[in-house]
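Here is the structure we will look at.
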Amino acid sequence: MQLAGNRFADTSAAFGNDLFTLPSFPAEIRAPAGTLPGVSSFQIQIADWDISTSGDRPDCMVAMNPAALRTNIADLRQGGTLIVNSEAFDERGLAKAGYEDSPLMDGSLNQYDLIEIPMNTITKEAVADKVSGRSVLRSRNFVALGFLAWLFQRPLEPILAWTENKFAKAPMVVAANVAALRAGYNFGITTETSRSIFQVKPASLPPGAYTSITGNTALAWGLIAASYCAKLPLYYGSYPITPASDILHELARHKRLGVRTFQAEDEIAAVGAAIGAAFGGNLAVTGSSGPGIALKSEAISLAFTAELPLVVVNVQRAGPSTGMPTKPEQTDLLFSLFGRHGESPLPVLACATPSDVVETTIEAARIALKYMTPVILLSDNHIANGSEPWRIPDTADLPDISVPFASAPNGAGGRFLPYLRDFNTFSRPWAIPGTKGLEHRIGGLEKENISGDISYNPDNHQLMTDSRAWKVANIANDIPALEVHGELDANLLVLGWGSSKGTMGAACRNLNREGYKVAYAHLRYLNPLPANLGDVLQSYKKVLIPELNTGQLRYVIRANFLKDAFGLNKVTGTPFYIGEIRDRILEVLES
């Protein structure tokens, strides 16, 4: 279903629709087919206007077997179109899903526009002369995809082109999938199965070249763009982990762009190699998910005290421990802020949507390079695997984030002083090993201010601790002020971060149109926080913070600004629905 969903998304993007997707799949490599834990789903919202979520309740659902129906039917809106593979609802399939009687026969689906399609038979008839044996029914998803293309009036050409390219080395597979796709499309044409065809016109988006992009792909492209903007080679050291592995896979495809990737034997080796690359003058990055970031924490503290630029990508997943590795949460915020030994504050940024990831990634790299510090960049599984159209920028519009290397001694008598800080940024010079006259000590032992000699002096340790903390805190003067949207005279501010942006904004805009006084703002910078955040918070009587955790940003807001706030929190492994945020806003307004 992931393949079919992505193909429908890509053809809708080619058609000109705005879209947002929500893939959901089991953690197992090959989950038990036909069972409730084995259900894989792909939700997509398409529109002729600007959208920011995958939607709450679908208008149309395809259930390939009883387990898929049972898992997802509660989400389909009443009166929605329900398409089923009728031949999967046999005694064995029903038993796997826990049905005693067939829902196709007991009247429980009467509130939906039910379309029963014999997908097994259609597939066999379409591909019988092209493949044989168990391979025949593998094209069933293309039958469903073809029928959806007819139902939503999607062009087949993008799907056909992708199929021919993807399976170019297996011409019989190409022929089978193409035949199944056309058979599903023709089934819609030749049978009167539905009372309505969905007409979704192209969206009026700003002019430019667009592509449908997932968050992980966007993060990889953002790192490549950042290396271009910084005029530095990109080094990515990583150990495979769900849901961050696709970043490594995508970057490994772009060696011709100066990208160097290293799949290490473990998380500690991956971050250690990245720190070495930073010392050597690269734009150095390491990536993982929560469990891997925990293993990297000691080395991240080393990069902090050595004051080397490093981007640390954390694609959050439902935890703790292995948890639900293919489901989203925002539960690593406090860990990102405080999860290191010693006094080691780091800048923390969070991506909001797949199309926002490239810009946020470049910004994380800018801060790391300018301030000679590790930076944590938060994403999550919803962003990582979701997709939406992204307007490809002109390279001439990308910012210059390059910083100079130290090139000559900066002290008296031709001595190099590695901790003689810049007056404005408080960052130390970046001296590349092998540069004549710039030999200096590196490592985790405390250094003497200015000289960089190893020091155990108490007053010096206090000074260096304060200097590193002040350097990070001072970044607040180098980031944009928080922008507030919605009603100017509102009493309630809805404040979010990360992947809650789309649903939060949609809920607030809907309520504004209904006459409710609601304002909303979204945080990209989580440490340091925007300089005007305190004033913004104090200007509202009530503050509501929706987040996919048990209240971590709310804790930070209370601690920093003594501002009480309402929360909307859940850790179900699913993103927020617009309706959930809307209902909570109304509760807070009435409280």
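The values are calculated or read from the model by the stated rules, or taken from the named source; none is laboratory data. Predicted model only: the values in this text are computed from it and were never measured. Neighbour counts are summed over all protein chains in view; Cβ atoms, including those assigned to glycine, are modelled from backbone coordinates with ideal geometry.
For region 239-271, taking the residues that are part of a helix (DSSP H, G or I) and touching a Phe, Trp or Tyr at 6+ places or on another chain (Cβ under 7 Å), the one that is surrounded by the most Cβ atoms within 10 Å (Cβ to Cβ) is identified as ALA270. Among the residues of region 90-112, the one identified as in contact (Cβ under 8 Å) with a residue 24 or more places away in the chain and under 27 Å from ALA179 (Cα atoms) is GLY93.
In region 258-287, how many are more than 20 Å from SER297 (Cβ to Cβ) and modelled with pLDDT of 95 or more? Summing the residues that are more than 20 Å from SER297 (Cβ to Cβ) and modelled with pLDDT of 95 or more in region 258-287 gives 8. Region 452-544 holds strands (runs of 3 or more DSSP E) entirely within its bounds, and those carrying 1 or more residues that are under 19 Å from ASP50 (Cβ atoms) map to 484-486, 492-497, 518-523.
When PHE198 is tested against (1) in contact with a Lys or Arg (Cβ under 8 Å, 6 or more places away or on another chain); (2) among the aromatic types (Phe, Trp, Tyr); (3) at pLDDT below 95, only condition (1) is not met. Within region 504-517, can one find any residue that is in the same structural domain as LEU553 (by the TED database), touching a Pro at 6+ places or on another chain (Cβ under 7 Å), surrounded by 15 or more Cβ atoms within 10 Å (Cβ to Cβ) and more than 30 Å from ILE275 (Cβ to Cβ)? Yes, region 504-517 has at least one match. When every residue of region 82-92 is checked against the conditions, at least one turns out to be farther than 20 Å from ALA33 by Cα, modelled with pLDDT of 95 or more and either in a loop (DSSP other than H, G, I, E, B) or not charged (D, E, K, R) (or both). Just one of the numbered conditions (1) in contact (Cβ under 8 Å) with a residue 40 or more places away in the chain; (2) within 29 Å of MET504 (Cβ to Cβ); (3) buried (at least 18 other Cβ atoms within 10 Å of the Cβ) is not true of LEU76: (1). Restricting region 122-163 to residues that are of a type in the set (Gly, Ala, Ser) and assigned to a helix (DSSP H, G or I) leaves a set whose member that is nearest to GLU87 (Cα to Cα) is ALA144.
Quick check: anything in region 299-308 in a loop (DSSP other than H, G, I, E, B), polar (S, T, N, Q) and farther than 27 Å from GLY496 by Cβ? No, that holds for no residue. Return yes when THR326 is in contact with a Lys or Arg (Cβ under 9 Å, 6 or more places away or on another chain), of a type in the set (S, T, N, Q) and in a loop (DSSP other than H, G, I, E, B) and no when it is not. In short, yes. Of the residues screened, GLY411 is one that is under 24 Å from PRO433 (Cα atoms) and out of contact with any Phe, Trp or Tyr (no Cβ under 9 Å at 6 or more places or on another chain).
Is it the case that VAL200 is aliphatic (A, V, I, L, M), buried (at least 16 other Cβ atoms within 10 Å of the Cβ) and not in a loop (DSSP other than H, G, I, E, B)? Here the answer is no, as VAL200 does not meet what is asked.
Conditions (1) within 21 Å of the chain's Cα centre (by Cα); (2) without any contact (Cβ under 8 Å) to a residue 60 or more places away in the chain, marked per residue:
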position: LEU283; (1), (2): no, no
position: SER289; (1), (2): yes, yes
position: GLY292; (1), (2): yes, yes
position: ALA299; (1), (2): no, yes
position: ARG317; (1), (2): yes, no
position: MET324; (1), (2): yes, no
position: THR331; (1), (2): yes, no
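If you check LEU589, LEU523, LEU553 for being hydrophobic (A, V, I, L, M, F, W, C), more than 20 Å from the chain's Cα centre (by Cα) and more than 30 Å from PRO37 (Cα to Cα), only one passes: LEU589.
For region 28-54, a tally of residues being in a loop (DSSP other than H, G, I, E, B) and over 17 Å from the mean Cα position of the chain (by Cα) returns 13.
Please verify whether LYS231 is more than 23 Å from the chain's Cα centre (by Cα) and free of Cβ contacts under 8 Å to residues at least 24 places away in the same chain, treating the condition exactly as stated. Here the answer is no, as LYS231 does not meet what is asked. What's the total number of residues in region 371-418 that are in a helix (DSSP H, G or I) and polar (S, T, N, Q)? So the answer is 3.
I'd like the full set of residues that are aromatic (Phe, Trp, Tyr), within 21 Å of SER12 (Cβ to Cβ) and touching a Leu at 6+ places or on another chain (Cβ under 9 Å), limited to region 111-149. Passing the criteria: only PHE142. Any residue that is modelled with pLDDT of 95 or more and over 19 Å from LYS327 (Cβ atoms) - is there at least one of those in region 30-41? Among the residues of region 30-41, not one is modelled with pLDDT of 95 or more and over 19 Å from LYS327 (Cβ atoms), which makes the answer no.
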